[in-house]
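S.K.: Shown below is the structure under consideration.
The values are calculated or read from the model by the stated rules, or taken from the named source; none is laboratory data. Quick caveat: nothing in here was measured; it's all calculated off a predicted structure. Glycine gets a Cβ as well: all are built from the backbone with ideal geometry, and neighbour counts include every protein chain shown. The area values use the complete protein model at the heavy-atom level, side chains included, leaving out ligands, DNA and RNA. Shrake-Rupley method; radii C 1.70, N 1.55, O 1.52, S 1.80 Å.
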Amino acid sequence: MTGLRYVYAVCRPFGTPLQAQLAGVAGDPPRLLTHHDLVAVVSHVPEADFAEEPLREHLEDLDWLTTVARAHQGVIDALTTVTTPLPLRLGTVFRDDSGVRTMMEAHEEGFLRTLDRLDGRVEWGVKVFVEAEPAPDTAAAPPPRKPVSGRDYLRQRRMETKSHDDLWQRAETFSTRLHETLSGCAEDSRLHAPQNPTLSGASGRNVLNAAYLVPRAESEKFVETVERTRDGEPGIRVELTGPWAAYSFAGDETVAGEGA
């Protein structure tokens, strides 16, 4: 099959085969391209979509980008079950196999050093969200009193604002303690910017958005630690995702393509 080479990740050689029905970006099954002690996981993609100009245009198309990102992540997830991959950036494309090998040659030392550091480790994501205060028990609590004056209305608004500020303060304190606890269970951690709810679609305001590098063998203990916090604070939601390939800890080795 002809076409450009789409590169998902770089890893060390591994013996366990990938899933037989695994489809990559544009539907082409991934294959392994070896260079010295490294393996690039690649598939063919059409030049009409992935050459420099059309790719730049496609990256503005959210539906197209979502489809490619899901296929890309599917390959990374499959790799994570059999080895420790070093994921490359979405849309990393080269003209041919020779271009991929040249890239591996240029970054060989950095790739090997990062793979040694990440070997046997996975990434877990933990997010904390502030939700609305839980609704009171309507059978036990009387309905809120309607304000009888402007002064009464302002007083009620101040009480609502104070309740919201108290919840936000509790969430920040809770997140700080949780991050300290989880960092003690992980080999490394990263704090990311809070998610934009418009883009993420998640409910509530994101207070903590963190990633943790955890040895695979200690993941169960890490998950149990997070689970113990889930119902600890009313109005505060904890979300756990993973295990993922260690995107947040790959450093500068997530190279881009050659602009084929």
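S.K.: Go through the stretch 98-107 residue by residue and turn each phi into a ³J(HN,Hα) via Karplus (6.51, -1.76, 1.60, θ = phi - 60°); whole Hz please, and just put x for glycine and proline.
M.R.: In residue order, the calculated couplings are 4, x, 5, 5, 4, 4, 5, 5, 5, 10 Hz.
S.K.: Equivalent-ellipsoid semi-axes (√(5λ), Cα gyration tensor) for the stretch 1-52, whole Å, largest first? Could you put the intermediate results ahead of the total?
M.R.: Values: eigenvalues 87, 38, 11 Å².
Equivalent ellipsoid of the stretch 1-52: 21, 14, 7 Å, largest first.
S.K.: Let me ask something else about it. How large is ³J(HN,Hα), in whole Hz, for each residue of the stretch 181-191 in order, when computed from phi with the Karplus curve 6.51 cos²θ - 1.76 cosθ + 1.60 and θ = phi - 60°, using x for Gly and Pro?
M.R.: 5, 5, 4, x, 9, 10, 7, 7, 8, 9, 9
S.K.: Here is a follow-up. Mind grabbing the accessible area of D37 for me, 1.4 Å probe, Å², rounded to tens?
M.R.: The accessible area of D37 comes to roughly 90 Å².
S.K.: With a point put 7 Å past each Cα toward its Cβ, work out how far R228 is from L90 in nm, to one decimal.
M.R.: Placing both labels 7 Å beyond Cα along the Cβ direction yields 3.6 nm.
S.K.: What is the local net charge at K221, summed over the other residues whose Cβ is closer than 15 Å to its Cβ (Lys, Arg +1; Asp, Glu -1)? Kindly include the intermediate steps, with their values, before the conclusion.
M.R.: Values: positive: R121, R216, R228; negative: E187, E218, E220, E224, E227.
Net of charged neighbours comes to -2.
S.K.: Could you give the nm distance between label points at T176 and Q19, where each point is 7 Å from its Cα heading toward the beta carbon?
M.R.: For the pair T176/Q19, the computed spacing is 4.3 nm.
S.K.: Can you list the HN-Hα couplings for the stretch 126-131, worked out from phi with the Karplus curve (6.51, -1.76, 1.60; θ = phi - 60°), rounded to whole Hz and with x for Gly and Pro?
M.R.: Each residue of the stretch 126-131 in turn: 10, 10, 10, 10, 8, 10 Hz.
S.K.: For D188, what residues show an amide H to amide H distance below 5 Å, using hydrogens built from the backbone and excluding near sequence neighbours?
M.R.: Long-range HN contacts for D188: L213.
S.K.: Residues of the stretch 30-60 with backbone nitrogen within less than 20 Å of a virtual label 7 Å along the Cα-to-Cβ line of E109, please, listed as ranges.
M.R.: Once the point is set 7 Å along Cα→Cβ of E109, 35-39 turn out to lie under 20 Å by backbone N, inside the stretch 30-60.
S.K.: Using a 1.4 Å probe on the protein chains only, how many percent of the accessible area of the stretch 47-101 belongs to carbon and sulfur?
M.R.: Working: 1380 of 2790 Å².
C and S atoms contribute 49 percent here.
S.K.: Which residues among the stretch 176-199 fall inside the zone where the amide N is under 13 Å from a point 7 Å beyond the Cα of E218, along Cα→Cβ?
M.R.: Backbone N within reach: 181-189.
S.K.: State the extension gain, in nm to one decimal, for the chain segment bounded by R70 and E57, taking 0.36 nm per residue of separation less the distance between their alpha-carbons. Intermediate results must be reported in sequence, preceding the final value.
M.R.: Details: separation 13, 0.36 × 13 = 4.68 nm, distance 1.86 nm.
That pair, R70 and E57, stretches by 2.8 nm at full extension.
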